[in-house]
Amino acid sequence: PELTLTDWPDMPERGQWGGSSTRDFAWLAARKLNLVEMHATLTCDENGVGIGSLPETLRTEAAREGIKLVPIILHLEQIFTDDELRTRLPNLASTPDPSKPPRSDYTPGICFSNSDAVRILGDWMESFARLPEITDIMLWLSEESAPCYCAACNGREPFAVEVAAAVKAFERAKAAKPECAL
């Protein structure tokens, strides 16, 4: 050989999230980017069973281009901005601070001390783990402290409550696919 070429950066996965990343798989692959983190669709059926999904067309195209897709579960305090979820799962709503009136734009978060909250988060994670091409799940914790003031949460650090719920929920994804990572 005339030369030895070392490709840089020397890391097994490199990519991006957001922007046009889900429309540019071929462009990314040509530049040796092989990972795209994308916001997943988080819904629930009429019985309150959580369904996490990624469009099959994108999953197929990503596989064809050698792109690893990683579903993102958006910031946990923002999940209840979805009217369908809030309507179907009203028992998951966090309790607002009883010492002050809620802001005019108040939307409740999720009470992660509620076992149904852990269950639906586990439903979503297990949905992703059961997709053959998914090996990683990205979970975004709340950007802002969104405390719940129910008896179980009151006085507890809200991020610690979220993390504990996420770890417990991820156990189901791990049972479905042991090599899955959070």
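With a Förster radius of 30 Å applied to the beta-carbon distance between T60 and W140, the computed FRET efficiency rounds to 0.70. Report the Rg/Rh value for the chain, based on alpha-carbon coordinates and the Kirkwood definition of Rh. The Rg/Rh ratio comes out at 1.06. Can you compute the label reach from W27? Point 7 Å from Cα along the Cβ direction, backbone N cut-off under 14 Å, restricted to the range 33-75. Taking a point 7 Å out along Cα→Cβ of W27, the residues of the range 33-75 whose backbone N falls under 14 Å are 33.
With contacts defined as alpha carbon pairs under 8 Å and 6 or more residues apart, what's the relative contact order of the chain in percent? The normalised contact order for the chain reaches 21 percent. Note on exposure: K168, K174 ranked by accessible area (1.4 Å probe, complete protein assembly) read K168, K174, with the most exposed listed first. Output the 0 to 90 degree angle, nearest 10, between the alpha-carbon long axis of helix 158-176 and the longest principal axis computed from the alpha carbons of the chain. The answer is roughly 50 degrees. The angle between the Cα long axis of helix 115-129 and the longest principal axis of the Cα atoms of the chain comes to about 10 degrees, rounded to the nearest 10. Rolling a 1.4 Å probe over the protein heavy atoms gives the chain an accessible area of 57 Å² per residue. Report, to the nearest 10°, how far helix 56-65 tilts away from the longest principal axis of the Cα atoms in the chain, using its own Cα long axis and a range of 0 to 90°. The angle comes out near 30 degrees.
Element breakdown for the range 25-106 at a 1.4 angstrom probe: carbon and sulfur atoms account for 53% of the accessible area. Would you calculate, for the chain, the mean residue ellipticity at 222 nm contributed by helices, counting each DSSP H stretch of 4 or more residues as -39,500 (n - 2.57) and dividing by all residues, to the nearest 500? It comes out at -9500 deg cm²/dmol, rounded to the nearest 500. Taking other residues whose beta carbon is less than 12 angstrom from the beta carbon of E126, and scoring Lys, Arg as +1 and Asp, Glu as -1, yields +3.
The values are calculated or read from the model by the stated rules, or taken from the named source; none is laboratory data. It should be emphasised that the depicted structure is a prediction, and the values quoted were computed from it without experimental measurement. Neighbour counts run over all protein chains shown; Cβ positions are idealised from the backbone, glycine included. Ligands, DNA and RNA are stripped out before the accessible areas are found, and what is left, the full protein with its side chains, is counted by its heavy atoms. Shrake-Rupley method; radii C 1.70, N 1.55, O 1.52, S 1.80 Å.
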